[in-house]
Amino acid sequence: MQPTIDSELTFNPSDNFRQILSQLRDKFDDVPSYTENDELTLKDIQWIFDHRKNLPVPFHKLMRETDLSLPFPVFPPRSKELDARIQKYKAQEADREYRKMTANVSGSSSYKNGDESTSESLSQLMKEVNRQVIVVFQFVITVVTSFIFGYSAPYYLYGIVDVNFRLSLGLVFGFVVAVADLYFVIKYMLEVDGVIHRGPKEKNV
């Protein structure tokens, strides 16, 4: 059901306005059915406007002292079926949240109970960490030895003692080898993470 609104406007007159209305009741017989505590309707306001010449105060001043009461919507009572449906949805949502919580707890408990699987996973993890550490160590050693070769080769082969030239040549050798070796390091990391797959020949190697 849709909410309903009373379309009739009402006016709450001031005390001065009420006194004037009481005086008008004594003069005229066709005064609307109005008591001292009632609110004025549009018909009452229309009747007062028609007899505004008999008012001791201008009509617009009386209206300034009057408060307008706006109608409020009337909401129908909510149906029992809707309340039951809402409660059902709330219960289903609470059940889903509970299942998620218990699933996480059961998963962690099963992980704790499986000592063998835990030890295997831990050993596998340590192996992967060792492999990655070895790869990084080999990368650093390769770059450093390439720099040393580029720095020392001019002196031992050609007797060049210029330090700036030897440093530049060592940096060039180290950079070229680092870029080439970095390609293989990244490729290995991606293969370990399963992002790319090795070919059959690489697996046999």
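The values are calculated or read from the model by the stated rules, or taken from the named source; none is laboratory data. Since we're looking at a predicted model, the values are computed, not measured. With ideal geometry, Cβ positions are generated from the backbone for all residues, glycine too; neighbour counts draw on all protein chains shown.
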Can you tell me which residue among I148, I141, I160 is surrounded by 10 or more Cβ atoms within 10 Å (Cβ to Cβ) and at pLDDT below 85? I160
Top-ranked residue of the range 26-47 - restricted to ones that are modelled with pLDDT under 75 and under 20 Å from D67 (Cα atoms), ranked as surrounded by the most Cβ atoms within 10 Å (Cβ to Cβ): Y34
